[in-house]
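Everything below concerns the one structure shown next.
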Amino acid sequence: MPRIAIAGFQHETNTFSPTPTGWKEFCMADSWPGLLQGPKVIDGTRGMNLPIAGAIEAARASGQPIELIPILWCAAEPGGAVTDEAFERISGMILEGIAGAGALDAIYLDLHGAMVTESLDDGEAELLARIRRITGSGMPIGISLDLHANLSPDFVENAGPITIFRSYPHLDMADTGARCMIEILKRLNGAPQFAAFEQIPFLVPLHAQNTGIEPCRTLYRSLDELPASPDEYADIAMGFTAADVPNCGPSIVAYAKTRARAEALARDLFERFCACEGKFDTALFSADEAVHRAISMQGSGPAVLADVQDNPGAGASADTTGLLRALVDGGAQRASTGKEPGFIRALLGTMHDRKIAVDAHAAGTGVIFSGELGGKSGIAGDGPFIGRFEVRALSEGRIPYTGEMYRGGIAQIGPSALLSVEGAKREILVVVSSERTQCLDLALFTHFGVDPFEFDIVCVKSTVHFRADFEAGSRAILNVAAPGLFSCEPEKQTFRRLRKGVRIGSCGKA
Ligand SMILES: [Zn+2]
């Protein structure tokens with residue numbers, strides 16, 4: 001009976017964020033469970049759209065007798081560099097588990113692929129190298145990765161088989177873990193697999209990586225069309241641009257029965273990807289322009305304004321106030337009619353401000369209080385919104401997700417509140433949380449008793465993931481460039497450590 005150790009250690013590191021990610025962040029539950037060990041890895045992830053849950057289910061569904069040895073699984077909200085202490089402690093636990101598991105036939109790892117630590121440009125490559133020192137070179141180490149992985153040749157050399165999410169929004173996380181387990185089992189059953197790897201020489205901003213639109217839609221469709229047999233496959237990582245490391249950027253992995261075939265497959269995809277340079281939709285609106293357009297726009301359903309640069313899911317602080325200010329007094333004065341067509345109702349989430357959330361709880365529902373909302377992260381061009389707020393609803397912040405992406409999960413955002421901004425000429429409601437959380441699921445609003453589809457404007461601190469829940473039924477979606485720790489214009493960011501020749505700012509329309 002094959003014995004397969006399974007473990008997970010996920011982080012997407014924004015090297016431009018000043019806030020380090022420590023042991024505590026990996027232990028706490030957020031949108032996903034806190035750190036799990038031993039059999040709890042299986043019980044604590046069952047039914048969730050998580051790669052490791054899909055891998056476990058695929059092993060069971062294979063019908064083969066397989067012994068899984070669960071070691072550890074953890075993930076932290078994207079943020080600044082992983083502390084050396086957290087990396088050493090968690091890696092040490094995984095290595096101990098593997099070394100103590102007895103004879104193994106394979107290992108499955110649920111990694112993100114964009115972990116940077118205080119001392120390492122590529123945390124996962126180091127973890128993998130240490131695992132290889134225990135296992136030697138022959139054993140399959142199957143790894144499923146996020147679409148936003150920044151892959152290095154060393155990592156790909158030591159890993160295999162690798163599978164990568166094929167959708168952004170990530171609706172196929174569990175499926176990608178399942179694909180990886182199936183590929184591991186194929187190897188254990190004797191299928192030889194050769195790998196090929198290519199790195200794309202330009203960066204693609206996060207908001208242009210939406211796989212629901214061109215050119216990504218066609219590019220990802222080719223992953224189904226190109227393989228000539230079930231013995232070969234390829235995957236694409238779009239990369240995570242908020243990482244000033246040599247291997248930042250998109251890449252391609254391909255596997256086949258012969259090295260020549262794997263290389264041909266990777267090369268074909270490389271050429272298709274490179275042919276897309278200049279064709280990505282990188283358009284961004286200023287906050288004022290977006291509000292103005294949203295107000296002037298005909299149609300039904302809300303205009304959804306994506307605060308793409310303040311997405312905590314990309315390591316941002318989720319507390320900038322640029323879009324909130326535009327809702328309060330921006331946009332309308334430049335409307336072509338000269339006045340607003342009607343009373344505007346706007347909803348914004350999820351603003352991270354523990355103090356205001358706690359103050360709202362102290363005040364109580366229906367009470368109006370004064371405060372400084374958000375803008376406390378010291379981000380250039382941003383600051384708190386000083387005003388008076390009515391407490392409309394309160395919650396302890398355990399919110400079951402209702403959307404597909406985080407199905408089975410619970411958003412744990414701590415004491416939280418729905419506030420109304422007093423004295424504004426429009427109705428503006430803001431969901432405030434104690435923990436950073438990406439506003440990608442309708443439940444983050446409906447939990448507080450409001451239906452986003454009844455508003456004229458909905459502002460979300462998310463880049464693309466929100467589309468899975470919000471796009472259908474919306475009037476339009478506008479990407480907004482307001483202050484934030486995740487730059488969607490990498491050409492305006494100072495990179496010092498990219499590998500030579502990587503082009504920045506070349507992927508969009510001229
Ligand atoms: Zn991702």
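The values are calculated or read from the model by the stated rules, or taken from the named source; none is laboratory data. Bear in mind the structure is a predicted one, so any value in this text is a computation, not a measurement. All Cβ positions, even for glycine, are placed from backbone atoms using ideal geometry, and neighbour counts span all protein chains on display.
The table for this structure:
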quantity	calculated
Filtered residues of region 461-486 (kept if away from the ligand (no atom under 16 Å from the Cβ) and under 20 Å from residue 238 (Cβ atoms))	471, 477, 479, 481, 484, 485
Those residues of region 383-399 which are among the acidic types (Asp, Glu) and either under 30 Å from the mean Cα position of the chain (by Cα) or part of a loop (DSSP other than H, G, I, E, B) (or both), in sequence order	396
Members of region 372-386 found to be out of contact with any strand residue (DSSP E or B) (no Cβ under 6 Å at 6 or more places or on another chain) and more than 13 Å from residue 322 (Cβ to Cβ), listed by number	376, 378
Candidate set from region 1-32 (those that are under 22 Å from residue 434 (Cα atoms) and aromatic (Phe, Trp, Tyr)); member that is nearest to the chain's Cα centre (by Cα)	32
Restricting region 147-177 to residues that are of a type in the set (A, V, I, L, M) and more than 11 Å from the ligand (Cβ to nearest atom), the residue that is surrounded by the fewest Cβ atoms within 10 Å (Cβ to Cβ)	171
All positions within region 294-311 that are surrounded by fewer than 17 Cβ atoms within 10 Å (Cβ to Cβ) and of a type outside the set (A, V, I, L, M, F, W, C)	296, 298, 299, 300
Sole exception among (1) more than 18 Å from residue 95 (Cβ to Cβ); (2) part of a helix (DSSP H, G or I) for residue 26, by number	(1)
Yes/no for residue 314 being at pLDDT below 95, buried (at least 22 other Cβ atoms within 10 Å of the Cβ) and not assigned by TED's automatic domain parsing to the domain that holds residue 207	yes
Residue check, residue 34 within 20 Å of residue 144 (Cβ to Cβ) and either touching a helix residue (DSSP H, G or I) at 6+ places or on another chain (Cβ under 7 Å) or not in a loop (DSSP other than H, G, I, E, B) (or both)	no
Residue within region 60-77 that is surrounded by 23 or more Cβ atoms within 10 Å (Cβ to Cβ), under 16 Å from the mean Cα position of the chain (by Cα), closer than 24 Å to residue 436 by Cα and modelled with pLDDT under 95 present	no
Where a residue in region 46-67 is closer than 21 Å to residue 146 by Cβ and its partner, wherever it lies, is loosely packed, with under 13 Cβ neighbours inside 10 Å and of a type in the set (Gly, Ala, Ser), with Cβ under 8 Å and at least six apart	53/47
Test result for residue 174, modelled with pLDDT of 95 or more, of a type in the set (Gly, Ala, Ser) and more than 22 Å from residue 463 (Cβ to Cβ)	no
Restricting region 1-30 to residues that are among the β-branched types (Val, Ile, Thr) and surrounded by fewer than 21 Cβ atoms within 10 Å (Cβ to Cβ), the residue that is farthest from residue 54 (Cα to Cα)	19
Region 102-146, residues that are of a type outside the set (A, V, I, L, M, F, W, C), within 16 Å of the ligand (Cβ to nearest atom) and in a loop (DSSP other than H, G, I, E, B)	112, 113, 146
Qualifying strands (runs of 3 or more DSSP E) (wholly inside region 191-297; at least 1 residues being polar (S, T, N, Q), within 16 Å of the ligand (Cβ to nearest atom) and assigned by TED's automatic domain parsing to the domain that holds residue 80)	251-256
Region 230-251: number of residues that are over 27 Å from residue 492 (Cβ atoms) and at pLDDT 95 or above	4
